[in-house]
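None of the figures in this text is laboratory data; all of them are computed from the coordinates on show. None of the values given here were measured: they were computed from a predicted structure. Because the Cβ atoms are built from the backbone with ideal geometry, glycine has one as well, and the counts that use them run over all protein chains shown.
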């Protein structure tokens, strides 16, 4: 039962981080809805490292279980719409990997990912966004301009 590995508020952070990995390993078609819902809750935690790993875990489940990818992508989209910078950054990285595994399938997420581009600060998030801009230029208004301006914030 995967619920045994759900995080408790008083678990030390290192235990919580390990539990996230176990939850990803145990996720399957039967329990994915419950697991993803729990991870969405964790993504709203005050500990940013833990919250970011929760978002990343949702993306990992999408890569692991093709049948659950829709649930995971919709959860990531829901998190992106809350517009927390750290969530957006992890979401961009996770969605890049989802786009690679399922090309052309989740393009509807690109618009919401691009709404707050200037809040991307982590190099990995910027790198992922550059890949998305290059891979889907027809889905992003002014994608070419963003890629060809050397002093653009994306390249700083």
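Among 68, 43, 84, the largest mean-square fluctuation in a Gaussian network model of the chain, built with springs joining Cα atoms closer than 10 Å, belongs to 84.
Between residue 130 and residue 44, the C-beta separation translates, for a Förster distance of 25 Å, into a calculated FRET efficiency of about 0.35. Estimated from helical segments only, the mean residue ellipticity of the chain at 222 nm is -19000 deg cm²/dmol, where each DSSP H run of four or more residues counts as -39500 (n - 2.57). In the chain, the ratio of gyration radius to Kirkwood radius, Rg to Rh, stands at 0.99 when only Cα atoms are counted. Annotation: the range 48-97 has a Kirkwood hydrodynamic radius of 10.5 angstrom, from the mean reciprocal C-alpha pair distance. Scaled against 2.2 N^0.38 Å for its residue count N, the alpha carbon radius of gyration of the range 68-117 is 1.01. Quote the relative contact order of the range 2-155 in percent (integer), defining contacts as alpha-carbon pairs under 8 Å separated by 6+ residues. The normalised contact order for the range 2-155 reaches 16 percent. Across all directions, the average flat footprint of the convex hull enclosing the Cα atoms of the range 1-75 is 4.3 nm².
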